[in-house]
1. Could you please put VAL260, VAL20, VAL209 in sequence from largest to smallest accessible area, using a 1.4 Å probe?
2. If you plug each phi of the range 99-110 into the Karplus form 6.51 cos²θ - 1.76 cosθ + 1.60 with θ = phi - 60°, what whole-Hz ³J(HN,Hα) values come out, in order, with x for Gly and Pro?
3. Please find the FRET efficiency linking LEU97 to ALA10, where r is the Cβ-Cβ separation and R0 is fixed at 51 Å, and quote it to the nearest 0.05.
4. For a label point 7 angstrom out from the Cα of VAL200 toward its Cβ, which stretches of the range 65-92 have the backbone nitrogen within less than 13 Å?
5. How long is the gain from LYS75 to ARG180 if the chain were fully straight, where each residue apart is worth 0.36 nm and the alpha carbon distance is subtracted?
6. Excluding ligands and nucleic acids, what accessible area in Å² is computed for LYS132 using a 1.4 Å probe, to the nearest 10?
7. Taking a label point 7 Å from the Cα of VAL167 along the Cα→Cβ vector, which residues of the range 31-46 have an amide N closer than 20 Å to it?
8. Accessible area, 1.4 Å probe, largest first: how do ASP186, ASP70 sort?
Amino acid sequence: MSAPAAQAPALAKEIALLAVLATLWGASYTFIKIGVETIPPITFIAARTLIAGGLLLAIIKMRGLSLPSDPAIWKRFLIQAGINSVIPFTLIAWAELTVDAGLATILNSTTPIFTFLLTVLITRHEAVTTRKLFGVVAGVIGISLIIGLEAFNGLGKGLVSQLAIVVATISYACAAIFGRGFKGLDPMMPAAGSLICGAVLLIPVSLVVDQPWTIAPSAYSILALLGLSIFSTAIAFVIYFRLIHTLGSVSTTSQAYLRVPIGVGIGVVFLGESLTSTAWLGLLCVIAGVAAMTFPSRRKLAVTA
């Protein structure tokens, strides 16, 4: 069997994980929208990072492993926590007090664009190809067609909240690039380490600002918090750090485009919703965009062979 042929199953596995990540993070906006109805944003995100970080730490212990003890690595965990959880998680949770989950998804789906631009202008750690540029454009067109351009009519209403989501998106792009520095570590290590650091940063702020002991959260908000923490954070972060190294930062953030069509597909299968012809065209654009940003070039396969 040739090397490219042998690579196919491995690549298929990474693409499948990319789809799982998109599903987990696509569901997070709904979890957040339900959660912040009765739990203040800072407390909600502090609990999110604490639960997810604690769960991963327990799994690490069960595996007979331990977190790194090197202070330099923990400094990187702290930075990763800031740009991949504390800043974006809190901004999105606060914004969703007034912004619909759908619009938040649209705005946050631009992460690959900022990752691509940061790669082009600053880090240049990945080759900038015509295919990746095509992927960025196709993904944006696809999102617009699926949601419908009328969805953007809400832009301008609550501008500060919408800009907060954009800032969160840029923060995610920085995190995707910075996360490449954890190469060589088990993906669970930076996931757990950064989440624990995030909890350490957020819990004191929550105690001072929100006084969580005075909160009476609803059962729905608590369930949303658990779903967000376990599935859309703990599990998702492990997959995320793995894909950063196997597919690259630009390709990994391309899952942002997959969140919307996956959500639409769930609605079609389980809720009996229907798609317009324009939405189906948009779905094809999204698939083409993700493929262009994810699959390796023939030249790369030849070099690997």
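The values are calculated or read from the model by the stated rules, or taken from the named source; none is laboratory data. Quick caveat: nothing in here was measured; it's all calculated off a predicted structure. In this analysis, Cβ positions are derived from the backbone assuming ideal geometry, glycine residues included, and neighbour counts consider all displayed protein chains. Each accessible area value is taken on the protein alone, full model and side chains, heavy atoms only, with ligands, DNA and RNA left out. Shrake-Rupley method; radii C 1.70, N 1.55, O 1.52, S 1.80 Å.
1. VAL209, VAL20, VAL260
2. Coupling constants for the range 99-110: 9, 5, 4, x, 5, 4, 4, 4, 5, 6, 6, 7 Hz.
3. 0.75
4. In the range 65-92, the label zone of VAL200 (backbone N under 13 Å from the point 7 Å along Cα→Cβ) covers 67-82.
5. 36.3 nm
6. Here the residue's solvent-accessible area equals roughly 30 Å².
7. Hits in the range 31-46 for VAL167 at 20 Å: 33, 36, 40-46.
8. Reading off the accessible areas and sorting them downward yields ASP70, ASP186.
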